[in-house]
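Here's the structure, in C-alpha cells; my notes come after.
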Amino acid sequence: MDAGRVVLRSRCGTEMLPAFPEIETGAARLPDATAPDGELVVWDTAGRLAFAQLQNRLQRRGAGAVRAAGE
C-alpha cells in the first residue's frame with residue numbers, strides 16, 4: 001500500500017496488478033505503508049504448483065484477468 005494505492009511489482013520492478021486484480025481487493029484492506037513480501041503461485045487440479053499457468057496469468061489484462069481471477 002502506498003498512499004492508499006495498491007502496488008504489486010515483480011522483483012524486477014514490473015507492475016503486475018493488471019494481471020492479478022484479485023490482489024487489489026484483498027490488499028486494499030491493509031493499512032497504508034504496508035509492504036508484504038511474498039510469492040504468487042498457481043496450483044493445478046492435482047495440487048501441484050503450475051508455473052505455466054502463472055505465466056499465462058501474467059499475459060492477461062482487463063476483462064481477461066478478471067475472468068481468470070474468478071477461475
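Each reported figure results from applying straightforward, stated rules to the coordinates on display, with no laboratory input. The model shown is predicted, which means the values in this text are computed figures rather than measured ones. Here Cβ is always computed from backbone atoms with ideal geometry, including for glycine, and neighbour counts include all displayed protein chains.
In the chain, taking the dipole from charged Cβ atoms about the Cα centre, the farthest positive-side position among T45, T25, G4 is held by T45.
Please compute the Kirkwood hydrodynamic radius of the chain from all pairs of different C-alpha atoms, in Å with one decimal. Mean inverse Cα-Cα distance, inverted, gives 13.1 Å. The charge dipole of the chain, taken about the Cα centre with unit charges on the Cβ atoms of Lys, Arg (+1) and Asp, Glu (-1), comes to about 220 debye, rounded to the nearest 20. Helical runs (DSSP H, four residues minimum) scored at -39500 (n - 2.57) apiece and divided by the length of the chain put the mean residue ellipticity at 222 nm at -9000 deg cm²/dmol. In a DSSP loop and with at most 10 other Cβ atoms within 10 Å, the trypsin sites (Lys or Arg not before Pro) in the chain are R11, R29, R48.
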